[in-house]
Every structure is written in C-alpha cells, then in structure tokens.
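Presented below is the structure to which this report refers.
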Amino acid sequence: MAVRDEVRKILPEVDEIEDKGLREKVLATWEAALVRGGWVPADIARIPFTLLKPVKISFRDHVRSVTKICIAAADTFDEIYQGELKLRRDVLIAGALLHDVGKLLEIEEKDGKFGKSKDGALVRHPFSGVALADAQGVPAEVLHIIACHSKEGDAGKRTAEAIVLHLADFMNFDPLQG
C-alpha cells in the first residue's frame, strides 16, 4: 500500500478536505515528514503525542481528536451563525491535520524509548511543520495555523481558523494530568 493511502487510513479526516489539490498537499506533507523523520505510517499510532506529560495518547489519536473538534466547530458555526462567523473549513481541517506534523522531526525513538531528537532540540515542531508543509506547496493560510498553534503564536494575531485550532489543541493537552 502506498504511503499516502496508509496515511489516509490512519487519518481518515483527510478525506473531509473537499479541495483535492489541498488534500494532496496535506498527504504529501505527511509523506515527506515520515520519510525525513525515518518513520513509517504505522508509527503515527505508536508515537506519543507529547513528551511533556506521561500519557499514553498516541500522536494519531491527538491529531484526529483535534481535527474532529475543529470540524465540529466549523459545522456548528455554519448551523448556528448562518454565515455570520464563517470558518474556511478546508483551511481549518488542513491546519488541524498538519499542526503537529513537525513532531515527526522533533521526536525520535532510541532503544524503544521516545525522546527529543537532536534537530528537535533546536527547532520546535511548529517551525519544522511549516517548513515541511511549505515545501509541498501548502497555502499560507494553513502555514499560519501550523506556525501559530502553540506558544510561538501567542505574540501575534491569529486568524479565526488559527484561534479555533489553537483552542482545540490545548483542549486536548491542558486537562491531562502529568
């Protein structure tokens, strides 16, 4: 099975992106990150989503949860606000799927244990994620979401989509004990 097909199976929310070109760029970014980080698609389900807290939540489950929350927010806004607060759904979904893709360069596995990679100690995942996505032609609106999703974005102005993603991401992190 091709890498992109495996990623689609692991992260089925990719198929929620209506714009085929954007969907392909998201898949190409995941493929490039996996190759560069020395991972295979199945590792997405093994890698912990964070090294900061001792939790057993996988990278896959975190990305899927954040993405599903973003989809629900976009759909809820459409239903309730009827266009008054409109999110660019494809941009938001692509940003949610890619917000942590740089972790494939930030994390490494040695002797069965996950830790910070040498590169990851120098370049945090929002930066490496933007570089990976930009190399695949991902549009600036999505790069903005990747760049601003974590503390690195606190000093700037986030788009509506970046705000929703940021909050969804921290909804999946802050309540965890550790």
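Placing a label point 7 Å from the Cα of K53 along the Cα-to-Cβ direction, the residues of segment 140-155 with a backbone N closer than 20 Å are 149-154.
Axis of helix 89-98 versus longest Cα principal axis of the chain: the two differ by about 10°, to the nearest ten degrees.
For K68, a cut-off of 16 angstrom between C-alpha atoms picks up these lysines, skipping any fewer than 8 places away in its own chain: K9. A Gaussian network model of the chain, with springs between Cα atoms under 10 Å, assigns the largest mean-square fluctuation among P126, P54, P139 to P54. Within the listed set D43, D111, D78, the Gaussian network model of the chain (springs between alpha-carbon atoms below 10 Å) gives the highest mean-square fluctuation for D111.
Between R124, R36, R89, the Gaussian network model of the chain with springs among Cα atoms under 10 angstrom shows the greatest mean-square fluctuation at R36. Descending by average beta-carbon neighbour count within 10 Å, the peptides 100-106, 159-165 line up as 100-106, 159-165, the highest first. Backbone N atoms of segment 110-145 closer than 20 Å to the 7 Å Cα→Cβ label point of L167 belong to residues 142, 144-145. Pull up the cross-link candidates among the aspartates and glutamates for K113, meaning alpha carbon to alpha carbon under 18 Å and not fewer than 8 places away within one chain. Counting by Cα, and skipping residues close in sequence, K113 has these aspartates and glutamates nearby: D43. With contributions of -39500 (n - 2.57) from each DSSP H run of at least four residues, the per-residue ellipticity at 222 nm computed over the chain stands at -17000 deg cm²/dmol.
The angle between the Cα long axis of helix 20-37 and the main principal axis of the chain comes to about 20°, on a 0 to 90 degree scale. Extending 7 Å from the Cα toward the beta-carbon at both V3 and E109 defines two label points whose distance is 1.6 nm. A crude spin-label estimate for the pair E84 and A121, with each label 7 Å from Cα along the Cβ direction, gives 5.3 nm. Computed from phi, the 3J(HN,Hα) profile of segment 101-116 under the Karplus parametrisation 6.51, -1.76, 1.60 (θ = phi - 60°) reads 4, x, 5, 5, 9, 7, 10, 9, 10, 10, 6, x, 10, 8, x, 6 Hz, with x in place of Gly and Pro.
Values in this text are rule-based calculations from the coordinates and carry no lab data. Since the structure is predicted, the reported quantities are computational estimates derived from the model, not experimental observations. All Cβ positions, even for glycine, are placed from backbone atoms using ideal geometry, and neighbour counts span all protein chains on display.
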